[in-house]
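Contents: one structure, followed by commentary.
The values are calculated or read from the model by the stated rules, or taken from the named source; none is laboratory data. Quick caveat: nothing in here was measured; it's all calculated off a predicted structure. Using ideal geometry, Cβ is built from the backbone for each residue, glycine included, and neighbour counts are taken over all protein chains shown.
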Amino acid sequence: MYSVSVRRNFIAQHYLIGGDWGPENELHSHHYVVELLLEGKNLDPHGYLIDIDDVSSHLDSLVAYFKDKTLNKLPEFETANPSLEHLARIFCKTLIQRLNAQNLSAVSVKIWENEMAWAGYQEAF
């Protein structure tokens, strides 16, 4: 299995809803680190699993959308708590839709909210 990974970081704000999460119920910022992992068994005729420049462009666009925003105010979180888990799922599903990657068999997103905590989401094809 071949793997390609790309990382980006951004700062965004949120507050958790639906429970007593202490300070997490108040508006606060996180310095998120997004790790995208793409996997597949076959390479294209050029010896690539996927074009890293294309992946980077799509990831940069998605990061720009969330950067410096309050997640709670975005349509993606209209009916969902802006948890790390939901954010990882949204990143993963959005990137899958945008990527032109016939050779992929799995896409994983891991998002760190600090040096100790992350959540991830994976889809296999």
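Are any of the residues in the range 85-105 of a type outside the set (A, V, I, L, M), under 16 Å from the mean Cα position of the chain (by Cα) and farther than 27 Å from Gly18 by Cα? Yes, there is a match, as at least one residue in the range 85-105 is of a type outside the set (A, V, I, L, M), under 16 Å from the mean Cα position of the chain (by Cα) and farther than 27 Å from Gly18 by Cα. Checked against the criterion of being modelled with pLDDT of 95 or more, surrounded by fewer than 17 Cβ atoms within 10 Å (Cβ to Cβ) and in contact with a strand residue (DSSP E or B) (Cβ under 6 Å, 6 or more places away or on another chain), the candidates Val55, Val63, Val107, Val34 yield just one match: Val63.
Restricting attention to the range 1-18, does a residue exist that is more than 12 Å from Val63 (Cα to Cα), over 21 Å from the mean Cα position of the chain (by Cα) and either of a type in the set (D, E, K, R) or surrounded by 17 or more Cβ atoms within 10 Å (Cβ to Cβ) (or both)? Taking every residue of the range 1-18 in turn, none turns out to be more than 12 Å from Val63 (Cα to Cα), over 21 Å from the mean Cα position of the chain (by Cα) and either of a type in the set (D, E, K, R) or surrounded by 17 or more Cβ atoms within 10 Å (Cβ to Cβ) (or both).
If only residues of the range 30-51 that are aliphatic (A, V, I, L, M) and under 16 Å from the mean Cα position of the chain (by Cα) are counted, the one that is farthest from Gln102 (Cα to Cα) is Val33. Restricted to strands (runs of 3 or more DSSP E) entirely inside the range 9-125, those with at least 1 residues that are without any contact (Cβ under 8 Å) to a residue 60 or more places away in the chain and among the acidic types (Asp, Glu) are 118-124.
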